[in-house]
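*Asks:* Dropping a structure here in structure tokens format, bear with me for questions.
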Amino acid sequence: MIQLKNIEKYYSSKGIKHYVLRHVTTTIKQGEFVSIMGPSGAGKSTLLNILGMLEEPTYGNYEFMDEDVTNLNERKRIELYRNHIGFVFQAYHLIDEMTVYENIEAPLLYKKIGSSERKSRIADLLDRFNIVAKKDLFPNQLSGGQQQLVGIARALAAQPSIILADEPTGNLQSAQAEEIMQLFQKLNKEEGITIIQVTHSEKNAEYGNRILHIADGVVKDDVAVRDSVKI
Amino acid sequence: MFKLNLKIAWRNLWKNKVYAAINIGGLALGLTAFVLMLLYINHEESYDTWSTDLKNVYQIRERHDFFTPDNKEHWNEISNSRIANLIRSKLPQAVAVTKVDNDWGFSNGFSLKVDNADPVIISKIKDSDSSFFKVFPYQFLQGSADKALENKETIVLKESLAMQLFGTTKVLGKTIKIVRWRSDKGTALTITGIVADPKFPQSVSFNAITRTGNKDKDPENPTNNNYCLVYTKLNKSSDTAVLNQTLQKLYVDFKKNLLNGQKKSYNDIYKDGKSPGLKVIPIETVHSNPPYTSGWFDKLKPVMAISAFLLLVSVINFINLATAQSVQRAKEVGVKKVLGSYKRQLTWQFLIESAMQSVISLFLCIILIEVVLPAFNNHFKVDLSFWHNAQLFVMISQLFGLFVFVTLLAGFYPAWILSNFNPVSVLKGNYENGLKGIALRNVLVIFQFIISVTFIISIGVMEMQSRYMNNKDLGFERGNLINIKTNYEDDFAERLKKIPGVEYVATTTQIMGNAFNVPEEVKYKGNAINLNTVTVTMDALPALGVKVMQGRIFSKEYKQDTVNTVVLNEAAANLFGKNLIGQTYGKVDWEGKTNIFQIVGIIKNYHNEGFDKAVLPTVYKVTSLGGTSNTNNLLVRFNTSKYKELISKIENEWKILYPDFPMEYTSMDDEFSKSLEENNRFMNMIILFSIVSVSLSLLGLFALSTFVAKRRTKEIAVRKVLGASNIQIVNLLNKSFLTLVIAANLISWPIAYIIVKKWLDGFAYRIDMPVFPFIAATLISVIIAILTVSIQARKAAVTDPVNALKYE
């Protein structure tokens, strides 16, 4: 599904290159649940941004679904956002002026999905995540965990093939975090959605089936998670 | 999505109520001023557009110096009545030519008497000839254009007047007695037509057109001239340039002939840069080209500039607040971008938000206009209306254009900034990106304050000038002096003199409110001097209370005063030279005889007109030697405080002598206020606009400082933790804004200086450029800016730093 070849990212200031990523080459297959780990400033988020086409690599090649997306124009990129990629953020990033319902609806509107289909999909998501009662509330009326649930529901609404999550539980208490991670695992297992998450926590990383360890912009380690750790 | 976007927009406005109110209210104010201006311009432009047949109608303008305010040559609306005949006989293109009375402004109108009803004064009753309705395509409700003025002693009424007098328009064949002036015997006129009131204003406005027969013929004696308005209808719309060349040739021949009859030489008259001239101008341009003053468009230019600036100030508020607020919207943009929204869609979303606010402003503006229009009409002596406007459709399309313009102007930049946010940085929580455009925002704040400070300076200077004018010595005593609009008649004057309290009864051809300039050329020690002549009675100068500089003024004790003595004003004396008392000068009269006049006194200049005009060099004489002129001024000076009682006594005497004509009078105090009126009106408007502009700028500054304080919450918190006091924090925030306000002040000084200087130059009597308003404006703007910002800064300063730092 994803192929990175020799991805490099650097910023140059005063003639000196500051590398954020170096020689990142990896392949992520459909249905994988990958956790990117590493210390602060290692380049995890940059890698996720590049995967999400929010940033362009300075050098290297990136293929998404067998298509070269290294330098993509806005129209095509947005097509991918609408149909294939869902984002989940550490700070949830729900739109404050929209209700829960409307937040989940937004991507469907961009995707130009008919009104009845929209309604049934949202109803389904609200139901699945147990937030039907909260649908008319605004984000600031929810707890962090609930907000992240809405964030995930929103990411799922467009039925993407991949979810990119940047520290999805970073702002949550451990009980809530666990709930979210279990949800991810379920989505990955039952619906075959590819998930790539950036995380600090060893524990969260182990919900996935593969861990990329990054340090100083270089992939140090690429390990499969033993099944036994999973629940 | 559209619906959802509208919802978001609405929720955003609601969330930032104060900010939204400032934005929308400010914009509504700016729009109101602008739309009022538009209404006024539309009204002025609609003059003489009430019929398509008017495109072939032209006004004749003759170049001469008769009855001009400065005794110099101008292209006048009033022409020698003989010109009508000249055009009729010599210009084949002319289908019809008509002569109409000019609005001389000597009286408020004529007295009309229907049957046995009390006489009423009706203005704008104009005498014309049989061709009037052949030139002007009025729509006849009763009678017909061909027949109406066929016979003499007929009158055609406007529908509105017919309704006022009779309550119906079915009045053909009835007679009206018209008394033109106090001693007029009156003429009975038969109503032969009723015309509809046109929807748009007319430069030849009338309530009734009469044909008494006076306009049918020209004076037989070539030295006598009648002046009136002349209009012609041509067979097709013509090239005026070509036509005017033909007219010019005809006119030169005509003038040579006429001067020949007057035993004058053409070459003598037209020397020293004087030249004869005759031209036509299309009727729809008449209103915008008055003969002596600048047209309404030129007069309106400063006001237009002001209202445009006002709109600009409110638009700037809009832009400033929207970009400042963009920080709050950054996340939304970032999220939407990763959810699959095009940049274009986001731009549209924010433009629609601006549009929404513009629409609300526009509605508010329409309500505001309805509220202020009566006051506006009253103030500017117009009759504008928004809904009952013949040009409603034009108006609505203009409003729509304005709406689009304002939306784009106010919304485009913020929309562009917002939709350009980089999702990576805003989603990381790095909102500093939202501070882009801070330079632009500063420039806009400076710009706003330049406008406001310039306004404040202007008010200061204008206030000082108008105080100067209010208190300036007019050269005569304006208190306890009234002017009855009638000529001097011994019988009436003697009766008035017997009333206790009446000090003087006199007449003069020139007085404030009736500046009747009569030019003449005199010879003094071989030099030709051009003067303005005023004919007075013996008592006139003492009645006015003029101040004698040298010599004496007229008095009954000197028999010579009724023979050949004159009094000069200072301006005239300066032209003559020094040691004038007892000197003589000569003047050639129309028969070629030289009359000798002796100068017996010099008086201080006194004002007949507003302070924008210099007092003309004037000679005053009692004698009829060398020709006299006559106007309707009867001055009554009294020395009693029982003003009302006195007036009613005068009116009683009037009624005994002249029962058919109501008495009209003005007090000199009123006339003086009238001369200042236009200036005061302009000043009031500037003051109003300044207040609005300054408050808009301050509101903008207030809202902007709120956002800046919010934005710098973290910085403030950190500084406090490091030990900064509240005062230091307030100063910190003040400093950035104060720099802007001071910069604006420095820039606006020269701008205000140039503008105010130009305004002052329009007055012949003016103050020196004062420094005080400049300093005051700077102090005021700085102080209120500090106060405004401090309120917000204090709020930010006193908050507990823990709250700000906790959420990082």
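*Asks:* Applying 1/(1 + (r/R0)^6) with R0 = 30 Å to the Cβ-Cβ distance of B:I751 and B:I41, what FRET efficiency is obtained, to the nearest 0.05?
*Replies:* With a Förster radius of 30 Å, E is 0.75.
*Asks:* In nanometres, what is the gap between the two model label sites at B:L408 and B:V18, each 7 Å from Cα along Cα-to-Cβ?
*Replies:* In this crude spin-label approximation the distance works out to 3.5 nm.
*Asks:* Would you rank B:W181, B:W296, B:W654 by solvent-accessible area, highest first, keeping every protein chain in place and using a 1.4 Å probe?
*Replies:* Putting B:W181, B:W296, B:W654 in descending order of accessible area: B:W181, B:W296, B:W654.
*Asks:* Ok, one more. Under a straight-distance cross-link criterion of Cα-Cα below 15 Å, which aspartates and glutamates are reachable from B:K7, leaving out those fewer than 8 residues away in the same chain?
*Replies:* A:D96, A:E97, A:E102, A:E105, A:D136, B:E332, B:E353
*Asks:* If one computes P(r) from the Cα atoms of chain B, what percent of pairs lie at distances over 51 Å?
*Replies:* In whole percent, the share of Cα-Cα pairs in chain B beyond 51 Å is 34.
*Asks:* What accessible area per residue comes out for chain B, rounded to a whole number of Å², with a 1.4 Å probe? Mind dumping the intermediate values first?
*Replies:* Details: 36780 Å² over 808 residues.
For chain B, the solvent-accessible area averages 46 Å² per residue.
*Asks:* So if we plug the beta-carbon distance of B:I783 and A:N83 into 1/(1 + (r/R0)^6) with R0 = 56 Å, what FRET efficiency do we get, rounded to 0.05?
*Replies:* Between B:I783 and A:N83 the formula returns 0.40.
*Asks:* Something else about it: Would you mind listing how long segment A:2-229 runs along its three principal axes, going by Cα atoms, in whole Å with the largest first?
*Replies:* Here the Cα extents, ordered largest to smallest, are 53, 42, 34 Å.
*Asks:* Would you mind giving the mean number of other chain beta-carbons within 10 Å of the Cβ of each residue in B:418-426, as a whole number? It would help to have the intermediate numbers written out before the result.
*Replies:* Details: counts 0, 0, 0, 0, 2, 6, 6, 1, 1.
Mean inter-chain Cβ contacts per residue within 10 Å come to 2.
*Asks:* I need to check one value: relative contact order of segment B:304-429, counting alpha carbon pairs closer than 8 Å and at least 6 residues apart, in percent. Can you show the working numbers first?
*Replies:* Numbers: 81 pairs, mean separation 69.4, N = 126.
Relative CO of segment B:304-429 lands at 55 percent.
*Asks:* Kindly provide the Kirkwood hydrodynamic radius of segment B:657-808 in Å, to one decimal, from all pairs of distinct alpha carbon atoms.
*Replies:* 19.7
*Asks:* Would you please state which residues of segment B:138-166 a label at B:R88 would reach in this model, taking the label point 7 Å out along Cα→Cβ and a backbone N cut-off of under 17 Å?
*Replies:* Once the point is set 7 Å along Cα→Cβ of B:R88, B:146-154 turn out to lie under 17 Å by backbone N, inside segment B:138-166.
*Asks:* So, one more: Roughly speaking, to the nearest percent, how much of segment B:52-285's 1.4 Å accessible area is carbon and sulfur? Don't jump to the answer; show the numbers that get you there.
*Replies:* On the way: 4970 of 10870 Å².
Carbon-and-sulfur percentage of accessible area, whole number: 46.
*Asks:* Additional query: Under a cut-off of 14 Å between alpha-carbon atoms, report the aspartates and glutamates in cross-link reach of B:K642, not counting same-chain residues fewer than 8 places apart.
*Replies:* Within the straight-line cut-off, B:K642 pairs with B:E503.
*Asks:* Under a straight-distance cross-link criterion of Cα-Cα below 24 Å, which lysines are reachable from A:K9, leaving out those fewer than 8 residues away in the same chain?
*Replies:* Answer for A:K9, where 24 Å is the Cα cut-off: A:K17, A:K29, A:K44, A:K76, A:K220, B:K337, B:K428, listed by chain and number.
*Asks:* Let me ask something else. I'd like the trypsin sites (Lys or Arg not before Pro) in segment B:593-673 restricted to DSSP loop residues with at most 11 other Cβ atoms within 10 Å, sorted by number.
*Replies:* Counting only loop positions with at most 11 other Cβ atoms within 10 Å, the trypsin sites (Lys or Arg not before Pro) in segment B:593-673 are B:K593.
*Asks:* Which cross-chain or sequence-distant (5 or more) residues have an amide H under 5 Å from the amide H of B:G277, H modelled 1.01 Å from N in plane?
*Replies:* Amide H to amide H, under 5 Å and 5 or more residues apart or across chains, B:G277 pairs with B:R63.
*Asks:* So, one more: Can you find, among B:N85, B:T154, B:Q142, the residue farthest towards the positive end of the dipole of segment B:52-285? Put +1 on the C-beta of Lys and Arg, -1 on that of Asp and Glu.
*Replies:* Result: B:N85.
*Asks:* Another question about this same structure. DSSP loop (so not H, G, I, E, B), at most 11 other Cβ within 10 Å: list which GluC sites (Glu not before Pro) in segment B:540-629 pass both filters.
*Replies:* B:E557, B:E591
*Asks:* One-quarter of the Cα convex hull surface for segment B:481-673, in nm²?
*Replies:* Spelled out: convex hull of the Cα atoms, projected over all directions, averaged, 11.8 nm².
*Asks:* Could you check the spin-label model distance between B:N260 and B:F682? Points 7 Å from the Cα along Cα→Cβ, value in nm.
*Replies:* Output for this residue pair reads 4.8 nm.
*Asks:* If you average the alpha carbon positions of segment A:24-63 and of segment B:527-547, how far apart do those two centres end up, in angstrom?
*Replies:* Taking the Cα centre of each part, segment A:24-63 and segment B:527-547 sit 100 Å apart.
*Asks:* Related question: Please give the charge dipole size of chain B, origin at the Cα centre, charges +1 on K and R Cβ atoms and -1 on D and E Cβ atoms. Round to the nearest 20 debye.
*Replies:* Values: 91 positive and 68 negative charges, 628 e Å.
Here the size comes out at about 3020 debye.
*Asks:* Would you be so kind as to list the residues of segment B:331-359 that have their accessible area lowered by at least 10 Å² in the full protein complex compared with their chain by itself (1.4 Å probe)?
*Replies:* Hits at the 10 Å² cut-off: B:K331, B:E332, B:V335, B:K336, B:K337, B:V338, B:L339, B:G340, B:S341, B:Y342, B:K343, B:Q345.
*Asks:* Summing +1 for each Lys or Arg and -1 for each Asp or Glu, what net charge is found among the other residues whose Cβ lies under 12 Å from the Cβ of B:V789?
*Replies:* Charge balance in the 12 Å sphere: +3.
*Asks:* Need the per-residue list for segment A:62-89: every residue with at least 40 Å² less accessible surface in the complex of protein chains than in the chain by itself, probe 1.4 Å, sorted by number.
*Replies:* A:E74, A:I78, A:Y81, A:R82, A:F89
*Asks:* Okay, next question. Which whole-Hz couplings ³J(HN,Hα) result when phi for each residue of segment B:480-492 is put into the Karplus expression 6.51 cos²θ - 1.76 cosθ + 1.60, θ = phi - 60°, listed in order with x for Gly and Pro?
*Replies:* 6, 9, 10, 10, 8, 7, 7, 7, 7, 10, 4, 4, 5
*Asks:* Please compute the alpha carbon radius of gyration of segment B:312-458, then divide it by the globular-protein estimate 2.2 N^0.38 Å. Two decimals is fine.
*Replies:* Scaled against compact globular proteins, the figure is 1.32.
*Asks:* According to the Cα gyration tensor, what semi-axes, each the square root of 5 times an eigenvalue, does the equivalent ellipsoid of segment A:91-214 have, listed from largest to smallest in whole Å?
*Replies:* Listed largest to smallest, the semi-axes of segment A:91-214 are 24, 17, 12 Å.
*Asks:* If you don't mind, another one. Just checking the output field for A:149-158: average partner chain Cβ neighbours within 10 Å of each residue's Cβ?
*Replies:* Numbers: counts 0, 0, 1, 0, 0, 2, 2, 0, 1, 2.
Whole-number average of other-chain Cβ neighbours for A:149-158 is 1.
*Asks:* Could you calculate the FRET efficiency of B:M304 with B:T799 from 1/(1 + (r/R0)^6), where r is the beta carbon distance between them and R0 is 51 Å, rounded to 0.05?
*Replies:* After rounding, the FRET efficiency stands at 0.65.
*Asks:* Report the extension gain between B:S673 and B:E489 in nm, rounded to one decimal, defined as 0.36 nm multiplied by the number of residues separating them, less their alpha carbon distance.
*Replies:* Working: separation 184, 0.36 × 184 = 66.24 nm, distance 2.85 nm.
Gain on extension, B:S673 to B:E489, equals 63.4 nm.
*Asks:* Please list the radius of gyration and Dmax for the protein assembly as shown, considering alpha-carbon atoms only, with Å as the unit.
*Replies:* Looking at the protein assembly as shown, its Cα Rg and Dmax stand at 42.3, 139 Å.
*Asks:* Moving on. Using 0.36 nm per residue of separation minus the Cα-Cα distance, give me the extension gain between B:T713 and B:V114 in nm, one decimal.
*Replies:* On the way: separation 599, 0.36 × 599 = 215.64 nm, distance 8.14 nm.
Stretched fully, the B:T713-B:V114 segment lengthens by 207.5 nm.
*Asks:* Per-residue HN-Hα couplings for segment B:74-88, Karplus 6.51 cos²θ - 1.76 cosθ + 1.60 at θ = phi - 60°, whole Hz, x for Gly and Pro?
*Replies:* Values, residue by residue: 9, 7, 9, 6, 7, 10, 4, 4, 5, 5, 4, 5, 4, 5, 4 Hz.
*Asks:* Just grab the label-to-label distance for B:Y270 and B:N289, each label 7 Å out from Cα along the Cβ direction, in nm (one decimal).
*Replies:* In this crude spin-label approximation the distance works out to 2.0 nm.
*Asks:* Go through B:K556/B:K621; B:K124/B:K170; B:K90/B:K279; B:K674/B:K758; A:K134/B:K336 and tell me which ones have a Cα-Cα distance over 18 Å in this structure. Could the numbers behind the result be given before it?
*Replies:* On the way: B:K556/B:K621 13 Å; B:K124/B:K170 22 Å; B:K90/B:K279 14 Å; B:K674/B:K758 23 Å; A:K134/B:K336 22 Å.
The pairs that break the limit, which is 18 Å between Cα atoms, are B:K124/B:K170; B:K674/B:K758; A:K134/B:K336.
*Asks:* Considering amide H positions built from the backbone, and no H for Pro or chain starts, which residues 5 or more places from B:D127, or on another chain, come under 5 Å of its amide H?
*Replies:* So B:D127 has HN proximity to B:D101, B:T210.
*Asks:* Quick one: what are the phi-derived ³J(HN,Hα) couplings along segment B:371-378, Karplus 6.51/-1.76/1.60 with θ = phi - 60°, whole Hz, x for glycine and proline?
*Replies:* My calculation for segment B:371-378 gives 6, 8, 4, x, 5, 4, 4, 4 Hz in order.
The values are calculated or read from the model by the stated rules, or taken from the named source; none is laboratory data. The model shown is predicted, which means the values in this text are computed figures rather than measured ones. Note: ideal-geometry Cβ built from the backbone for every residue, glycine included; neighbour counts use all protein chains shown. Side chains included, ligands, DNA and RNA excluded: accessible areas come from the protein's heavy atoms. Shrake-Rupley method; radii C 1.70, N 1.55, O 1.52, S 1.80 Å.
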